[in-house]
Amino acid sequence: MDDSKWLSLEQIPAFLEGAEPVEFAAQGRKEIYPWVERVLVRHEYACQGKVAKGLPRRYVEKMTGLSRAQVTRLIKSYLATGRVKATEYKRHQFAARYTKNDVGLLADVDKARGNLSGPATRRILEREYEVHGIAAYRRLAGISSAQILPAARYGGLP
């Protein structure tokens with residue numbers, strides 16, 4: 001976006017009333033967000049009164065094509081941090097309880113015992129650790145019966 005021709009607060013209402021469609025050259029958040037930040041800084045958005053704040057808001061809406069809610073979110077971010085930047089996506093992941101070795105060990109036990117029921121297989125796993133003291137079965141000794149069927153059938157633990 002060419003920022004060489006800034007509009008003052010007095011020029012924005014005339015621009016907004018113009019019926020001509022506006023084409024914004026920026027593409028994507030990486031270009032739009034810094035431009036929005038520059039507009040808000042240039043017009044000293046945080047120091048303006050209620051009426052004067054509406055002009056840059058509508059100017060940003062018209063220039064970027066963002067919705068009113070999106071512009072409000074960006075302005076709220078600017079007022080809170082002094083920056084307009086995209087929030088990073090963080091996917092929630094549950095902690096992995098069982099390893100690939102555990103899955104292989106469970107499949108071996110299931111295959112060796114002839115695909116017993118979940119509770120019977122769970123009891124075998126408990127005995128392997130508690131009675132026989134085989135350390136490889138430590139995590140599997142506390143497995144739920146409900147987790148054994150999917151692991152044996154699909155080759156993976158939930």
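Out of the residues in the stretch 78-110 that are among the polar types (S, T, N, Q) and within 17 Å of the chain's Cα centre (by Cα), state the one that is nearest to L7 (Cα to Cα).
Among them, the one singled out is T87.
Residue under question is K76, and the condition is that it be more than 17 Å from L16 (Cβ to Cβ), out of contact with any His (no Cβ under 6 Å at 6 or more places or on another chain), part of a helix (DSSP H, G or I) and modelled with pLDDT of 90 or more; does it hold?
Here the answer is yes, as K76 does meet what is asked.
Identify all residues within the stretch 37-52 that are part of a helix (DSSP H, G or I) and surrounded by fewer than 18 Cβ atoms within 10 Å (Cβ to Cβ); write none if there are none.
Once the filter is applied, which keeps residues that are part of a helix (DSSP H, G or I) and surrounded by fewer than 18 Cβ atoms within 10 Å (Cβ to Cβ), the stretch 37-52 yields R38, V41, R42, A46, C47, K50, V51, A52.
So that you can scan it fast, the table gives a plain yes or no per residue for (1) assigned by TED's automatic domain parsing to the domain that holds R38; (2) out of contact with any Pro (no Cβ under 8 Å at 6 or more places or on another chain); (3) of a type in the set (K, R); (4) over 30 Å from R29 (Cα atoms):
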site	(1), (2), (3), (4)
Y59	yes, yes, no, no
K62	yes, yes, yes, no
R73	yes, yes, yes, no
Y89	no, yes, no, no
H92	no, yes, no, no
V109	no, yes, no, yes
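Can you name every residue in the stretch 81-98 that is assigned to a loop (DSSP other than H, G, I, E, B) and modelled with pLDDT of 85 or more?
Those that are assigned to a loop (DSSP other than H, G, I, E, B) and modelled with pLDDT of 85 or more: G82, R83, V84, K85, K90, R91, H92.
Answer yes or no: is there a residue in the stretch 132-140 that is more than 21 Å from the chain's Cα centre (by Cα) and either at positive phi or touching a residue at least 60 places away in the same chain (Cβ under 8 Å) (or both).
Yes - at least one qualifying residue is present in the stretch 132-140.
The values are calculated or read from the model by the stated rules, or taken from the named source; none is laboratory data. Predicted model only: the values in this text are computed from it and were never measured. Ideal geometry is used to build each Cβ from the backbone, glycine not excepted, and the neighbour counts take in all protein chains shown.
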